[in-house]
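The values are calculated or read from the model by the stated rules, or taken from the named source; none is laboratory data. Please read all numbers here as calculations on a predicted model, not as lab measurements. Here the Cβ positions follow ideal geometry from the backbone for every residue, glycine too, while neighbour counts run over all protein chains shown.
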């Protein structure tokens, strides 16, 4: 099946011809088979657009290339991770709610205050990759090549659930019995004992006279929706939820006979090694997480509407029509100067 036939099978052929009938002036191709296939493939087979809206909270994840343990904890790796994270949050005015660096992947819970989380992630991941490559004496890409996933967390309980998920990753993966035993970078201690840490610039990759700050402050803020809790109440709530997850994991191990790997074995893992388990392929990549079914339906419907409006505006833009308006939350075309709802025109 060639591109033209594939488009017909998926319904794009009919949709594009309807658009052409509505406004023939902006369609840049003739109905010829070859030209149609070339242009239609370019304008329809694209990466799903990200909807970037200021003020939203996201759970984000990214793994190391080939699942290698390039984030394997030691003192220098932890310092590099914390320094790069704190510096990136300060630079892009990101609110950090929680994080954990596992040996071969990492999770962040952040609030995007200015609608610039793609820039934040690009900078954060770039600086970690450069610094850790220098630390390990390697040159290739540190991160897996797929686009990092960002899941919009709609309501307060969704954010809290994902915070506990992030913190309990080492326990769920049977690496340690207690979250506090994880030797790598984690926000768990800050949730319980204090919200700020001062991280000095690591030696090695960063120049002494370079532009990066000599020290940065790593701040952890309570998630939105729990502002009414005092600091101790918030810490107790997190501790209780983590303890419940630890007890549940212990019960599962007792039932299955599974044992934890242990802190010592984690620290002794070779950074270029990778898990022996087979990773499932073609897994779902959710974009919205919400326990409330009605609210979830609303958000998914809004996301579908955004993607349709984005696709239509993109087709017009590619055709040379700059009069179209992209939907609110458009990121890439907003940076190119396209007209977008909710964005003041310069």
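Restricting attention to strands (runs of 3 or more DSSP E) lying wholly within segment 136-232, give those where 3 or more residues are in contact (Cβ under 8 Å) with a residue 12 or more places away in the chain and either buried (at least 16 other Cβ atoms within 10 Å of the Cβ) or not assigned by TED's automatic domain parsing to the domain that holds residue 113 (or both).
Details: elements: 149-153, 196-200, 215-219.
Qualifying strands (runs of 3 or more DSSP E): 149-153.
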Filter result for the condition that a residue is assigned to a helix (DSSP H, G or I), under 27 Å from the mean Cα position of the chain (by Cα) and within 28 Å of residue 190 (Cβ to Cβ), over 334, 235: 235
Quick one: which of 265, 254 is in a helix (DSSP H, G or I), in the same structural domain as residue 89 (by TED's automatic domain parsing) and within 30 Å of residue 201 (Cα to Cα)? 265
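Specify the residue that is farthest from residue 61 (Cα to Cα); the eligible residues are those in segment 288-306 that are in a loop (DSSP other than H, G, I, E, B) and either touching a helix residue (DSSP H, G or I) at 6+ places or on another chain (Cβ under 7 Å) or at pLDDT below 95 (or both). Full working, then the answer.
Step one: filter segment 288-306 for residues in a loop (DSSP other than H, G, I, E, B), giving 290-292.
With the extra rule that they be either touching a helix residue (DSSP H, G or I) at 6+ places or on another chain (Cβ under 7 Å) or at pLDDT below 95 (or both), the set shrinks to 290-291.
Numbers: 290: 18, 291: 20 Å.
Looking at the filtered set, the residue picked out is 291.
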The lone condition residue 313 fails out of (1) without any contact (Cβ under 8 Å) to a residue 40 or more places away in the chain; (2) touching a strand residue (DSSP E or B) at 6+ places or on another chain (Cβ under 9 Å); (3) in a loop (DSSP other than H, G, I, E, B) is (3)
Single residue of segment 61-83 satisfying the filter (under 26 Å from residue 235 (Cβ atoms) and in contact with a helix residue (DSSP H, G or I) (Cβ under 7 Å, 6 or more places away or on another chain)) that is surrounded by the most Cβ atoms within 10 Å (Cβ to Cβ): 81
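Among the candidates 250, 237, 200, which residue alone is at pLDDT 95 or above and in contact with a strand residue (DSSP E or B) (Cβ under 8 Å, 6 or more places away or on another chain)? It would help to see each step written out before you state the result.
Values: 250 fails: in contact with a strand residue (DSSP E or B) (Cβ under 8 Å, 6 or more places away or on another chain); 237 fails: in contact with a strand residue (DSSP E or B) (Cβ under 8 Å, 6 or more places away or on another chain).
Within the list 250, 237, 200, the selection yields 200.
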